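The values are calculated or read from the model by the stated rules, or taken from the named source; none is laboratory data. Owing to the predicted nature of the structure, the values given are computational and were not obtained by experimental measurement. Ideal geometry is used to build each Cβ from the backbone, glycine not excepted, and the neighbour counts take in all protein chains shown. Quick note on the areas: whole protein, heavy atoms, side chains included, nothing else; ligands and nucleic acids left out. Shrake-Rupley method; radii C 1.70, N 1.55, O 1.52, S 1.80 Å.
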Amino acid sequence: MRKADVIIVGSGIAALQLAVHISRRLHVIVLTKSKMQQSNSFLAQGGIAAAMGEDDHPASHFQDTIDAGRYVNDHEAVWKLTAEAPDIIQELIGYNCQFDYDREGGLHLGKEGAHSHARIIHGGGDQTGRRIVDGLLEKLGSNIQIYEDESVYELLIQEDGSCNGVRSKSKDGNLQDILAPHVVLATGGCGQLYSYTSNAQEVTGDGIALAYWAGARVKDMEFVQFHPTLLFHNGKTRGLVSEAVRGAGARLVDGFGNYLMEGVHPFRDLAPRHVVAQEIFNSIQNGFAVYLDVTSMADFEQRFPTAAKLCAQYGVQGKIPVAPGCHFLMGGVATDHVGRTNITGLYAIGEVACTGIHGANRLASNSLLEGLVYGRRLAQHLSAQDPLWFFPKKPSDCVHQNPPCLTLPVKEEIQRTMMDRVGIVRNDKSLREQLSWIESFELNKWMTADFSQLTKVQWEIIAMLQTCWLITTAALERTESRGGHYRIDFPNENKGWENQHLTKKLEKRTVHESVQA
Ligand code: SIN
């Protein structure tokens, strides 16, 4: 049986940042269900927010984060994050990450939605994620083993409730138990639960389902962010057109050339994401297409090569037809300021975690920042731990049922129903419809099944249904609108809900024999 000091599940920026900081001292195993460079982080066009401009200050970054998050953020967590941001940028520069500079040789600071200052650092225009991932991969220490195409389908939980390893399956169907005193979920969010999405294929909510089944607390799941501008072609979204394009002057227009955001919000095209997304959604629902007009930008192709290439692929230029799509989950596995969950030995960092930073709506370019800050902080925390006397032995076989003879929906059905009923605009009826649809698949029976007998696709569908259930029940319970959670039957923010958080926790699914001597 394999063992390590730290197991990291996932390979995005939070995972890599943690690995870079510990893989010289500690033995690290990274498990990723596809390839190292297939993650939302790698796709990320938008940059990293940090108050580095002459007239800027972390206090202003803090205030913008809280305003966008509609005041349900954890203030202390936001304060620490915004204060740490400039140092994170300096560290990445030290790693040789290639950021964009202005003519005077200073970092080029861009503007994005709901920021009061230009403070977004980009690399290669809209290739920031790729540049940071490449920089971090170069810096990995030697004490690391990476398993690609390896799906974690269960967390190993001991009788005392602590986590000490994972069960995984390779592409060829080989099963393995890997033991470690520290297991870190860095699996990203759940953008693939929706038919319109900016997220990579792999991002199906696995980490949230794994943690929930193990007894972790899951929080704020009703807060899902829809990005306003995904290229919309032949009735499907085809990928992100970064908010930085609007930051550089592009405008949202209707079919007659009228500016869509005029009179809607003082920040117009750079209003908070949920405001812009809802405006575009309403227009499309009323039968009027919306376009991102880049005709006045002489250098669109040079400044935004990823978006320009995407548009060229679909034969689009000048006025880019856009629609909103699922982009980010503000909720997730509840953690403290270093990434600890309520389960000893289990940690969560990056989008899978709910740190309280984002509140009800994430401020643009705060997500790569969060992954980098928490990856580094968790590394410092783990490095400071006393070495554990860890004598793993094989966990006992636990009592699992055979998988039930029930049919499961296909991925596209989940995505379509979530988009229609738990999407940008929700109401009691649509949420109840979706809840009863999800519950018709009898998740409680699947939960006690032997997951090792399932295919990767079956397991993924069950994890998706579980995550959908968590979002839908929370969305039903929060009878107000706030940030990314918009209910047409409760269209206003309600003061009584401010600072109220919906948290769910399941009694643990299985118990394994203690593996510690
Ligand atoms: C974007 O480039 O518009 C996305 C950036 C982000 O989500 O922070």
Inset, instruction - Report whether or not Ile146 is within 16 Å of the ligand (Cβ to nearest atom) and among the hydrophobic types (A, V, I, L, M, F, W, C). - result: no
Inset, instruction - Kindly check whether there is at least one residue in segment 9-17 that is open to solvent by less than 20 Å² (accessible area, probe 1.4 Å), free of Cβ contacts under 8 Å to residues at least 40 places away in the same chain and polar (S, T, N, Q). - result: no
Inset, instruction - With respect to Phe42, determine if the residue is assigned to a helix (DSSP H, G or I), in contact with a Phe, Trp or Tyr (Cβ under 9 Å, 6 or more places away or on another chain) and open to solvent by 20 Å² or more (accessible area, probe 1.4 Å). - result: no
Inset, instruction - Inspect all residues belonging to segment 261-276 and state whether any of them is of a type in the set (Lys, Arg) and closer than 18 Å to Ile424 by Cα. - result: yes
Inset, instruction - Take segment 190-223 and flag every residue that is away from the ligand (no atom under 13 Å from the Cβ), closer than 15 Å to Met419 by Cβ, touching a strand residue (DSSP E or B) at 6+ places or on another chain (Cβ under 6 Å) and open to solvent by less than 10 Å² (accessible area, probe 1.4 Å). - result: Cys190, Tyr194
Inset, instruction - Identify the residue in segment 471-517 that is at pLDDT below 95, of a type in the set (Asp, Glu) and within 24 Å of Val352 (Cα to Cα) and, among all such residues, is farthest from the chain's Cα centre (by Cα). - result: Glu507
Inset, instruction - Run down Glu104, Glu112 and say which single residue is modelled with pLDDT under 95 and surrounded by fewer than 18 Cβ atoms within 10 Å (Cβ to Cβ). - result: Glu104
